[in-house]
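The values are calculated or read from the model by the stated rules, or taken from the named source; none is laboratory data. Quick caveat, the model's predicted, so the values are computed rather than measured. Glycine also receives a Cβ, built like all others from the backbone with ideal geometry; neighbour counts cover every protein chain displayed.
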Amino acid sequence: MLLLKDIYTFYGHIEAIKGIDIYVNKGEIVCLIGSNGAGKSTALMTISGVLKSKTGSITFEGEEIHRMLPHRIVAKGISQVPEGRRIFPKLTVRENLEMGAYTKSSKLRVKSEKLKRQYDKVYEMFPVLKEREKQMGGTLSGGEQQMLAIGRALMSKPKLLLLDEPSLGLAPIFVGKIFKTIKELNAKGLTILLVEQNARAALKLAHRGYVMESGRIVKEGEGKKLLHAPDIKRAYLGE
Amino acid sequence: MFFQQILNGVTVGGVYALIALGYTMVYGILELINFAHGEIYMIGAYLGIIFIGIFTVIGLTQYSIPLAILLSFILSALFCSAYGFTIEKLAYKPLRKAPRLSPLISAIGVSIFLQNYVMLTQGATDKVFPHILETTKIEFFNLTITTLQVFIIITSLLLTGLLHLYVMKTKTGKAMRAVAQDKVMASLLGINIDRIISVTFIIGSGLAAVAGMMVAMYYGLVNYSIGYIAGIKAFAAAVLGGIGSIPGAMLGGFILGIVESLAASYLSSEYKDAYAFVILIIILLIKPRGLLGKSQ
């Protein structure tokens, strides 16, 4: 479904990614683990088109997307929940979701019957968003913001969801809820590429995983195999 | 006398407010002070004269003067929108990733270019706005207000209100607010940033054109250099109200107009252009982000 080939991305003057190859099959959860500054977020931003690779190619469903602008890539069916959630603080919860549906709504109006079902789905998944519909995004707690961020990304009905550190800085009860949500979304057919520092939880969830170190992929394989690999245990699982 | 000056101030204030909206919208989205914006207002005034002239030649003014004026407003706004759109594409967009000072210098360059361009094509002397509309004076409680003043006040309030509704309620308006808050996130949701920025310039320039033509009708004279001082004052109005805020721009415009007209009659009219900045300095000392500015 998604194929990254020989990707080199600079972040400012720093060579953040030094030639990586990643593929994601339809229906999979693939996780990208590694320490801070390994280039995981840069990889997601490169897929989304915010950062551009110097070489190589990215294809999504057989189509080259690495020269497209970010908004075109969203329209192709790739949605990202970036690190830090990036809720629009001065837009209401509802308006945040409306912006998520930007590519799906008609030119003039943000309401339509088709979209209504999508709002209902998101509200069903996260009832708290319905309660806080008219509140400003900035007034939500961290966990609620993460739910809003995921809900917002789902509004464009993506085929592939990129999640960057969804559990970072959340209270333990929310972490469990977020991982459960990821599993449920995948069960409903959504393909997911997950970046996580919480390597144990991510590897348990994922079908396959990649380990990144200073801009390179150093290991890849099935989630469960990586979970039991001695060097991974030592470096990322603290055993 | 006092209330008369307030009425006059509100009239001028409405014009400042319309220009200030363009500054505040562009700043809200790009954090750029678009110094060429005052020149758009000046071009709007000239275009008003040109279109009224054309309509006089083809005989439309004989048929219906209000229609000729309305069409001139619309055409002038459309042409100025095209100017604004083109300026952004040529002078600011290529510098979007450059340090913040670069587009600012580019804006000053565009401003100087447009002034000289109009001076060369239209001449350096004042142009007269054709006196085709008879304004009647309305008297009440010892106050005099002309129909033109009423027209200016209502138009500026109406356009500000419409803009506010547009930004709060429509899809593109909401996207403008989203882009102003976080450009990268907005693009990750499928919002075409370039399109939103273009829309911002188109709307702001159209409003400036309306302001320019209203001033040309009000004072009757237009000069290639009017954009400079009006632009700086409208910018002061935008900062006064809180740059980035649409109601703020309107409030700032009206306060500036009223203060200016009161001070000119009670203190000294020689310093008329300086009062705007005295007020600006006082308010910014008390409220550094302006009256309705976003606290961070």
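Tallying residues that are within 14 Å of chain A (Cβ to nearest Cβ) and modelled with pLDDT under 80 within region B:259-295 yields 3.
Need a quick list: strands (runs of 3 or more DSSP E) entirely within region A:142-239 having at least 1 residues that are surrounded by fewer than 18 Cβ atoms within 10 Å (Cβ to Cβ) and not aliphatic (A, V, I, L, M). Explain how you work it out, then say what you get.
Details: elements: A:160-164, A:191-196, A:208-213, A:216-222.
Qualifying strands (runs of 3 or more DSSP E): A:208-213, A:216-222.
In the set (1) out of contact with any strand residue (DSSP E or B) (no Cβ under 7 Å at 6 or more places or on another chain); (2) within 14 Å of another protein chain (Cβ to nearest Cβ), the condition left unmet by residue B:188 is number (1). The residues of region B:182-218 that are in a helix (DSSP H, G or I), free of Cβ contacts under 8 Å to residues at least 24 places away in the same chain and of a type outside the set (Lys, Arg), listed by number, are B:184, B:185, B:186, B:187, B:188, B:193.
Of note, residue A:50 does not satisfy the criterion of being within 10 Å of another protein chain (Cβ to nearest Cβ), closer than 28 Å to residue A:148 by Cα, of a type in the set (Val, Ile, Thr) and buried (at least 24 other Cβ atoms within 10 Å of the Cβ). For residue A:114, state whether it is part of a helix (DSSP H, G or I) and either without any contact (Cβ under 8 Å) to a residue 12 or more places away in the chain or at the interface with another protein chain (Cβ under 9 Å from one of its Cβ atoms) (or both). Against the criterion (part of a helix (DSSP H, G or I) and either without any contact (Cβ under 8 Å) to a residue 12 or more places away in the chain or at the interface with another protein chain (Cβ under 9 Å from one of its Cβ atoms) (or both)), residue A:114 qualifies. For the criterion of being in contact with a Ser or Thr (Cβ under 9 Å, 6 or more places away or on another chain), away from chain B (no Cβ under 14 Å), within 18 Å of residue A:163 (Cβ to Cβ) and in a loop (DSSP other than H, G, I, E, B), residue A:27 passes. Taking the criterion of being crowded, with 24+ Cβ neighbours inside 10 Å and out of contact with any Asp or Glu (no Cβ under 6 Å at 6 or more places or on another chain), the residues of region B:223-238 that qualify are B:224, B:230, B:231, B:233, B:234, B:235, B:237, B:238.
Does residue B:249 count as free of Cβ contacts under 8 Å to residues at least 24 places away in the same chain and away from chain A (no Cβ under 14 Å)?
The answer is no for residue B:249.
Within region B:127-162, being under 16 Å from residue B:219 (Cβ atoms) and loosely packed, with under 13 Cβ neighbours inside 10 Å holds for B:128, B:131. Of all residues in region B:174-222, those that are among the charged types (D, E, K, R) and crowded, with 23+ Cβ neighbours inside 10 Å total 1.
Selection of region A:57-69 for residues being touching a Leu at 6+ places or on another chain (Cβ under 8 Å) and facing chain B (nearest Cβ under 9 Å) yields an empty set.
So that you can scan it fast, the table gives a plain yes or no per residue for (1) over 15 Å from residue A:161 (Cα atoms); (2) more than 9 Å from chain B (Cβ to nearest Cβ); (3) part of a loop (DSSP other than H, G, I, E, B):
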residue	(1), (2), (3)
A:55	yes, yes, yes
A:71	no, no, no
A:80	no, no, no
A:87	yes, no, yes
A:98	yes, no, no
